[in-house]
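Participant: What follows is a single structure, and I will ask about it in a moment.
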Amino acid sequence: MNLATNFFDYPLENCLMNASGVHCMEVSQLEELAASMAATYVTKTATMAPRLGNPEPRYRDLPQGSINSMGLPNHGLPYYLAYLEKAAEKEPQQLIFCSLVGMTTSEIFAELKMVQESSFNGFTELNLSCPNVPGKPQVAYDFALTDKILAEAFTFFKKPLGIKLPPYFDLAHFDEMAEILNRYPIKYVNCINSIGNGLVVDLATEAAVIKPKGGFGGLGGAMVKATALANVRAFRERLRPDIAVIGTGGVTSGADVFEHLLCGASLVQVGTQLHQEGPAVFQRLLTELAAIMKEKGYQSIAEFQGKLQTL
Ligand code: RRO
């Protein structure tokens, strides 16, 4: 069975990677991802300065997924860039993604300038969809602001850039966001970030299960898969063919990986399940994906990628 694929000019052993935020905050965790069966990986979304994030408890695993309001705990962009620059020196062919976010547009531009001036030449993922910073709405729900940020960013940023999107729930919003994205030289979109501002209640204690924001937090895992697949499919149908889609959301099995690929994903990220299972999850998912492909008679991902049938 051949699980190999490629992401632009990078040949990859398979299509799997972590979702930003899971197992990627510390250098030790990034090294574990590098040594795992994941084909590539992404660093924790970084702000310019280090942040402690929201008060705990701020993450809860649930029977059907997870809820989190981490609030962007991270070591600051210079910490991740130093790691990425060193990793590229050791293994120049290894693809790695650097995720970043700004609390203000000027912070975003300062970070992109820092990446531009660094020796890191991998993909930068601009996270326009963090749902968990009190008082800061998800940028990509503001279409005009997203347009303005991209217009300014591409005046000086010349390295490969992708955008992490929040889930959309209306076809008019898919149309409107795709029309904006298609006007810029972005390399990929990543669908989806967690479904923002869910509320999970503990029946026994009659309390919310996480502390920040009165218990409101981003939903991930199995319960978001249908929304994730819809977003992957909707953007694959609307974006220029040279813009890739990375599928994220609800991957707990090889079948879920297959479905993301079928809907048009080029790579598939694992968040909640990686948190629950650790980096060994990648080997299990690949074994399950290979078994499904064998049963269906597929010898490579290219044979079914993006080929969802409709009735
Ligand atoms: O750190 C977080 O609270 C967080 C981020 Br930046 C994000 O993009 N998505 C998410 O579910 N949590």
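The values are calculated or read from the model by the stated rules, or taken from the named source; none is laboratory data. A quick note: this is a predicted structure, and the numbers were derived from the prediction, not measured. Positions of Cβ are generated from backbone atoms using ideal geometry, with glycine treated the same way; all protein chains shown enter the neighbour counts. These area figures cover heavy atoms from the full protein model, side chains too; ligands, DNA and RNA do not enter into them. Shrake-Rupley method; radii C 1.70, N 1.55, O 1.52, S 1.80 Å.
Participant: Any idea what log10 I(q)/I(0) is at q = 0.12, 0.14, 0.19, 0.29 Å⁻¹ for segment 155-213, Debye with uniform C-alpha scatterers and no solvent?
Facilitator: -0.50, -0.60, -0.80, -1.23
Participant: Also: Would you mind computing Rg(Cα) / (2.2 N^0.38 Å) for segment 208-288, counting N as its residues?
Facilitator: 1.21
Participant: Using a 10 angstrom Cβ neighbour count of at most 14 plus a DSSP loop assignment to flag exposed trypsin sites (Lys or Arg not before Pro), which longest range of the chain is free of such sites?
Facilitator: 1-157
Participant: Just flag the chymotrypsin sites (Phe, Trp or Tyr not before Pro) in segment 139-216 sitting in loop per DSSP whose Cβ has no more than 14 other Cβ atoms within 10 Å.
Facilitator: Answer by residue number: 169.
Participant: Still on this structure: Multiply the residue gap between residue 211 and residue 105 by 0.36 nm, knock off their C-alpha separation, and tell me the result in nm, one decimal place.
Facilitator: 35.4 nm
Participant: Please work out the average accessible area per residue across the chain, using the 1.4 Å probe convention, and give it in Å².
Facilitator: So the chain comes to 42 Å² accessible per residue, rounded to a whole number.
Participant: Next question, about the same structure. Taking the C-alpha atoms of the chain, how large are the radius of gyration and the largest Cα-Cα span, Dmax, in Å?
Facilitator: So, for the chain, Rg and Dmax equal 18.3, 54 Å respectively.
Participant: OK, next. Need the list of lysines near residue 225 for cross-linking: C-alpha distance under 30 angstrom, and skip anything on the same chain fewer than eight residues off.
Facilitator: Partners found: 44, 136, 164, 187, 211, 213, 294, 296, 307.
Participant: Separate question: Given Cα positions, please report Rg to Rh for segment 176-311, the hydrodynamic radius being the Kirkwood one.
Facilitator: That ratio equals 1.04.
Participant: Regarding segment 32-126, what whole-number volume in Å³ per residue does the convex hull of its Cα atoms give?
Facilitator: 118
Participant: Would you list 165, 52, 62 from the most to the least accessible area, probe 1.4 Å?
Facilitator: 52, 62, 165
Participant: Cross-link candidates for residue 113: which aspartates and glutamates have Cα within less than 17 Å, leaving aside residues fewer than 8 places away along the same chain?
Facilitator: 85, 125, 152
Participant: For the chain, what is the charge dipole size about the Cα centre, in debye to the nearest 20, if Lys and Arg each add +1 at the Cβ and Asp and Glu each add -1 at the Cβ?
Facilitator: Approximately 200 debye in magnitude.
Participant: OK, next. If you roll a 1.4 angstrom probe over the protein chains with everything in place, what fraction of the accessible area of the chain belongs to carbon and sulfur, to the nearest %?
Facilitator: Taking all protein chains in place, the chain shows 55 percent carbon and sulfur surface.
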